[in-house]
Amino acid sequence: MWSGPRNISTAMMRAWENRPDCQVVDEPFYAYYLERTGIDHPGREDVLRSQPRDWRVVADRLTREPLRAGATVFYQKHMTHHLLPEVDRSALVGLRHAFLVRDPAEVLMSYAKVRGEPTLDDLGLPQQVELYQRFGGPVVDARDVLEQPQATLRALCAALDVEFSPAMLSWPAGRRDTDGVWGPHWYDAVWRSTGFAPYRAPMAEVPARLEPLLHQCRPLYDAVAAHRIAA
């Protein structure tokens, strides 16, 4: 599942992990991305210690390692901006790809609260378009998930040829061993959650300083969102 930041990507991971037949992994390219870019994210040193920093090792684990006993589905939560240009996309060709999108105005309003001056690269939209064009796959919009979680997840499962499970609609609150070590900096709301929260339209508007970035984001979002599956 390829998502940009400030989406419902961790809640979506919770939904899949709550299935008894599903194993998950949380942002496995994160340490590689931080080391290669030098970006100073919260908990940077902990992230670098927690994961392999060689993208080849990560890709091999994602495509070759056996699943735990009882698991038949491997849900991989990926951030699109973690996939830097040097990563050989053909290393991921054996996976099924899906895409989680969110209106960029909502993304920017949320992201600006934690990183004051986001860039297009931070948001991963060019990479998401590239991945969609290369691999294709079902697209789900965060708003559709929040407004119609059961119908949208059923449609996603059908598109992936995976049987829907009602267990995906709710989960116990709290941390998971599978959460990345960066969880304390980003996952507070998810740790309190027990399911997908109802959709709420933003009350504020995108700050004027971010409007040029929004204009860059909009056509990229539209290019992928145009293919979102109907609930």
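Gly4 falls short on exactly one of the conditions (1) under 24 Å from Leu156 (Cα atoms); (2) without any contact (Cβ under 8 Å) to a residue 24 or more places away in the chain, and that condition is (2). For the range 67-91, a tally of residues being surrounded by 13 or more Cβ atoms within 10 Å (Cβ to Cβ) and of a type outside the set (Phe, Trp, Tyr) returns 14. Of all residues in the range 9-49, count the ones that are under 16 Å from the mean Cα position of the chain (by Cα) and among the hydrophobic types (A, V, I, L, M, F, W, C). Counting residues in the range 9-49 that are under 16 Å from the mean Cα position of the chain (by Cα) and among the hydrophobic types (A, V, I, L, M, F, W, C) gives 9. Does Leu48 satisfy the criteria of being hydrophobic (A, V, I, L, M, F, W, C), part of a loop (DSSP other than H, G, I, E, B), modelled with pLDDT of 95 or more and under 22 Å from Gly124 (Cα atoms)? Taking the combined requirement at face value, the residue does not satisfy it. Report yes if some residue within the range 157-165 is more than 15 Å from Asn7 (Cβ to Cβ), free of Cβ contacts under 8 Å to residues at least 40 places away in the same chain and touching a helix residue (DSSP H, G or I) at 6+ places or on another chain (Cβ under 6 Å); otherwise report no. Yes, the range 157-165 contains at least one residue that is more than 15 Å from Asn7 (Cβ to Cβ), free of Cβ contacts under 8 Å to residues at least 40 places away in the same chain and touching a helix residue (DSSP H, G or I) at 6+ places or on another chain (Cβ under 6 Å).
When the range 186-195 is limited to residues that are exposed (fewer than 15 other Cβ atoms within 10 Å of the Cβ) and not charged (D, E, K, R), the one that is nearest to Thr10 (Cα to Cα) turns out to be Ala189.
To keep it simple, each residue is scored yes or no on (1) surrounded by 15 or more Cβ atoms within 10 Å (Cβ to Cβ); (2) within 21 Å of Val25 (Cβ to Cβ).
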position: Val93; (1), (2): no, yes
position: Lys113; (1), (2): no, no
position: Pro118; (1), (2): yes, no
position: Leu153; (1), (2): yes, yes
position: Leu156; (1), (2): yes, yes
position: Trp171; (1), (2): yes, yes
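Which number in (1) closer than 27 Å to Glu205 by Cα; (2) in contact with a helix residue (DSSP H, G or I) (Cβ under 8 Å, 6 or more places away or on another chain) marks the one condition that Met168 misses? Looking at each condition in turn, Met168 falls short on (1). For the range 1-55, the set of residues classified as farther than 20 Å from Phe74 by Cα and basic (Lys, Arg) consists of Arg6, Arg36, Arg44, Arg49, Arg53, listed by residue number. Cβ-Cβ contacts under 8 Å between residues 6 or more apart (or on different chains), taken from a first residue in the range 128-148 that is at positive phi and at pLDDT 95 or above to a second residue that is in a loop (DSSP other than H, G, I, E, B) and surrounded by 20 or more Cβ atoms within 10 Å (Cβ to Cβ), are listed as Gly137/Ala98.
The residues of the range 53-66 that are more than 19 Å from the chain's Cα centre (by Cα), exposed (fewer than 15 other Cβ atoms within 10 Å of the Cβ) and not acidic (Asp, Glu), listed by number, are Arg56, Val57, Arg64, Pro66. Among the residues of the range 136-194, those identified as under 15 Å from the mean Cα position of the chain (by Cα) and either of a type in the set (Val, Ile, Thr) or outside any helix (DSSP H, G or I) (or both) are Gly137, Pro138, Val139, Val140, Asp141, Val145, Thr178, Asp179, Gly180, Trp182, Tyr187, Val190. Is it true that Phe196 is in contact with a Cys (Cβ under 6 Å, 6 or more places away or on another chain) and either closer than 24 Å to Leu108 by Cβ or at pLDDT 95 or above (or both)? Judged against the criteria, Phe196 is not a match.
Residues that are hydroxyl-bearing (Ser, Thr, Tyr) and surrounded by fewer than 20 Cβ atoms within 10 Å (Cβ to Cβ) were ranked within the range 1-50; the one that is nearest to Lys113 (Cα to Cα) is Thr37.
The values are calculated or read from the model by the stated rules, or taken from the named source; none is laboratory data. These figures come from a predicted structure and were not determined experimentally. Note: ideal-geometry Cβ built from the backbone for every residue, glycine included; neighbour counts use all protein chains shown.
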